[in-house]
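Colleague: Before I ask anything, here is the structure I am working with.
Please treat every number below as a calculation from the coordinates, not as lab data. Because the structure is a prediction, the values reported are computed rather than measured. When we count neighbours, we look across all protein chains shown, and the Cβ atoms used for this are built from the backbone with ideal geometry, even at glycine.
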Ligand code: NIG
Ligand code: FE
């Protein structure tokens, strides 16, 4: 992706066929060719006539489709090391849980990530980030969780934020110190959770290094009481809450996350109707991660029919990480959410735009084409919106705009 000269103050898009992704059915309808005026990094107007002066910078979209920039609302982009060996072990019959119990899994990546410098972590993450940008991503969430010491969690979060200095993208960071119990605390998960709550969360909050706190609530992660302790501490520090919940079993982590007004619960293959109702009551987004489902060869389906019945907004994300979802491709996740989970292409598209923004607490800023929103847009060589989830492996992105700054493919 090469950067072209940018327009510092304002630009007009012309002949843009808009897919606004605003709420309601009309949001999925493509407009006839029109204009978008971008000023000060925001959408200033839609559909107004172009001013009759030739000094104003314009981009002729030539009837291309223009959508909100895509949002990958769940990633583990920052890590070192490689776990292809575990892929082979699983294909030879070992389970993800067995590998994890024997010191592999998350802890294998922890050891590689602790050894890496901040600069190395950034360098390693950039090619993965570029994969997402080629899918039209303009906002990416990045979690920590492979450091598990104060020093290494801060290092990961700084590296995540620094991606914005290297590429045109908005980065939203999440503290996932409660991802696994590190070796120093082996068999003492509660003592580790005390350390997370007493040392790591206060420091991250103090340094404004993350906007949310996430917990892996699972038999191989943390139990409900430990999860709740982290959520309480996060709330005390003014941080939003998210959960890796119901991925491998039904512990009730999603309902707990919802009880704390969590922004999203992610994975949720084992979620039951009681949990779905808790999401609906609290406005918590259900984030589907079909890459991990596919790569772990899971068979338990997330409860899509129940989520629809209770009108829980669904997001779709890559979960890119070295253990369960080595896929830097959000468009492929849209395809998989349709083929594996039965989403419609429209639901998949909402899952990477308006609903993904909601999963990050950014629903009033990005993920829709609306006056006043950040000018995060993608311009596509695509005829129909269903094509995003359909044809794979071909880059159909023409350009991205991040806060009004143009980046051509
Ligand atoms: O989202 N579920 C927990 N965490 C990651 C996997 C991390 C790993 O295996 O390295 C996930 O799937
Ligand atoms: Fe994850």
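Colleague: Give me the distance between the Cα centres of segment 229-275 and segment 65-90, rounded to whole Å.
Modeller: 21
Colleague: Could the peptides 227-238, 93-104, 308-319 be put in order, highest first, of the mean number of other beta-carbon atoms found within 10 Å of their residues?
Modeller: 308-319, 227-238, 93-104
Colleague: Tell me, 75, 55, 109 in order of fewest to most beta-carbon neighbours within 10 Å? Don't skip to the answer; put the middle values down first.
Modeller: Details: 75 27, 55 5, 109 24.
Ranked by crowding around the Cβ, least crowded first: 55, 109, 75.
Colleague: What's the long-distance tail for segment 70-359, i.e. % of Cα pairs beyond 36 Å? Before the final figure, lay out each step's value.
Modeller: On the way: 2525 of 41905 pairs.
In whole percent, the long-distance tail amounts to 6.
Colleague: Expected output is a single nm value to one decimal: the length gained when fully extending between residue 151 and residue 249, i.e. 0.36 nm times separation in residues minus the C-alpha distance. What is it?
Modeller: Gain on extension, residue 151 to residue 249, equals 32.1 nm.
Colleague: If we count other beta carbons within 10 Å of each Cβ, what is the order of 172, 197, fewest first? Write out the running numbers ahead of the final one.
Modeller: Numbers: 172 25, 197 22.
Ascending Cβ contact count within 10 Å gives the list 197, 172.
Colleague: Using per-residue counts of other Cβ atoms within 10 Å, averaged over each peptide, order 137-150, 280-293 from highest down.
Modeller: Going by the mean number of other Cβ atoms within 10 Å, highest first, we get 137-150, 280-293.
Colleague: Same structure again: Counting just the Cα atoms, what span does segment 1-111 cover along each of its three principal axes? Round to the nearest Å and put the largest first.
Modeller: Between the extreme Cα coordinates on each principal axis of segment 1-111 lie 69, 35, 21 Å.
Colleague: At 0.36 nm per residue, minus the direct Cα-Cα distance, what do residue 339 and residue 364 gain on full extension? Give it in nm, one decimal, please. Don't jump to the answer; show the numbers that get you there.
Modeller: Values: separation 25, 0.36 × 25 = 9.00 nm, distance 3.03 nm.
In short, 6.0 nm is gained.
Colleague: Which of 156, 336 has the fewest other C-beta atoms within 10 Å, and how do the rest follow up to the most?
Modeller: 336, 156
Colleague: Which angle from 0 to 90°, rounded to the nearest 10, does the C-alpha axis of helix 118-133 make with the longest principal axis of the chain?
Modeller: Around 50 degrees separate the two axes.
Colleague: For the chain, what is the relative contact order in percent, using Cα pairs closer than 8 Å and at least 6 residues apart in sequence?
Modeller: After rounding, I find 20 percent.
Colleague: Now a separate question. Residue 282 to residue 10: FRET efficiency via 1/(1 + (r/R0)^6), r the Cβ-Cβ distance, R0 35 Å, to the nearest 0.05?
Modeller: Approximately 0.30, to the nearest 0.05.
Colleague: Compute the length gained on full extension between residue 272 and residue 98: take 0.36 nm times their separation in residues and subtract their Cα-Cα distance, giving the result in nm to one decimal.
Modeller: Full-extension gain reported as 60.1 nm.
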